[in-house]
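Here is the structure we will look at, set down as structure tokens.
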């Protein structure tokens, strides 16, 4: 495997440096489409190359003068990249050694109670969820901000009373009812210590809720989980829910209208019964957004649609834009990121409405808002991803549910995720692997729609 990875790393390095042969380019592109390991290696190295390119443009690293031959620049870039790759493998070895030590300590000291991780794996790093709405909520202070729209990282939410609606970046929506304590372990993983949690999971996700005794996995289902001092309960209201008992790894499957109750302190007592909808506040549904008045769609124009950040046409891939339908439709293709000036203050009631379609899936298809002309996770930029196979930290998956090739209409309360003045609205058809992504956006509207 190591020799194979070394060969892939060499090919990817030459691909990025544009020194790869046509034969190996064809081979690599084919592997990128079918092999997840190859795709992950490429994404890591491409990200490293992008960071180095940005550092070079901002004079954070020394680059050869313009008189220096191009081959030297590429050689230096490749050398630095190889050093970073070596460092990554060394770090992986260190983490593996730490893992063995932790296992040894665990076996020596015995099992400990599962709690929400204060830190999560780098693959799940960054924002994992956002609070979109509350009702009479009173919070106990923890390491997480409970302000509406603020990004939530790993840690604890402690709700003294009231209700809180939370969107996770994998597309799952949950309703937390106080008093409750909920640990966030990732964008699809939670630990419920106490209280009530209603989960509405999508078809593309497997959302996990752990308790002291249970591991509940919800996929394309609506599930209620209740934890008290006396018992732990799982109620399935729609779809199917998988439940595993942590004590003996016994697995059960609950279909719609079924419930499982685990009680008893010394020895678990299992009882199956009919799901009780009345124990939980309400059914979670997609919110209906009503437009208060007729709003005209934004008009696209080649003079006001500018390249957004370094991603547009990155690696010399095509970045084509076509405007049609009396300037109400824009088609982006290749590896294309474009922005237009809107100069708008986003509030909790701000809604974006548009229609979308594609016939070529790339890595990231979506849109977002920004105050400047470059995307940065560190300054809180968010991409609302509606299609694409790449899932990365800082890219929201709540609305990544497009399927097929036909037009689909979206209405999203963007003000719950991004607030304040934003100068630009940007659109993306990202594919820095093959440069064949395609995104159509039409009848794009921005308007205010109070939720109450």
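Couple of notes before you dig in:
- Residues of region 419-436 that turn out to be over 20 Å from residue 314 (Cα atoms) and assigned to a loop (DSSP other than H, G, I, E, B), as a count: 1
- Residue list for region 278-298, filter: modelled with pLDDT of 75 or more and either surrounded by 13 or more Cβ atoms within 10 Å (Cβ to Cβ) or at positive phi (or both): 279, 280, 281, 295, 297, 298
- Unmet criterion (only one of (1) at pLDDT below 95; (2) within 28 Å of the chain's Cα centre (by Cα); (3) farther than 30 Å from residue 387 by Cα) for residue 221: (3)
- For region 152-170, the tally of residues that are part of a strand (DSSP E or B) and farther than 11 Å from residue 184 by Cβ stands at 9.
- Flag if residue 357 is within 22 Å of residue 200 (Cα to Cα) and outside the structural domain of residue 34 (by TED's automatic domain parsing): no
- Scanning region 241-256 for residues that are surrounded by 15 or more Cβ atoms within 10 Å (Cβ to Cβ) and either out of contact with any strand residue (DSSP E or B) (no Cβ under 9 Å at 6 or more places or on another chain) or more than 12 Å from residue 275 (Cβ to Cβ) (or both) yields a total of 6.
- Entry remark, region 10-26: residues being modelled with pLDDT of 75 or more and either surrounded by fewer than 18 Cβ atoms within 10 Å (Cβ to Cβ) or not assigned by TED's automatic domain parsing to the domain that holds residue 40 (or both) number 9 in total.
- Within region 425-452, the residues that satisfy the criterion of being surrounded by 18 or more Cβ atoms within 10 Å (Cβ to Cβ), within 19 Å of residue 335 (Cβ to Cβ) and either in contact with a strand residue (DSSP E or B) (Cβ under 9 Å, 6 or more places away or on another chain) or not assigned by TED's automatic domain parsing to the domain that holds residue 383 (or both) are 426, 427, 428, 429, 430, 431, 435, 437, 438, 439, 440, 441.
The values are calculated or read from the model by the stated rules, or taken from the named source; none is laboratory data. These numbers were taken from a predicted model, which means no experiment stands behind them. FYI the Cβ positions are ideal-geometry reconstructions off the backbone, even for glycines, and counts take in every protein chain you see.
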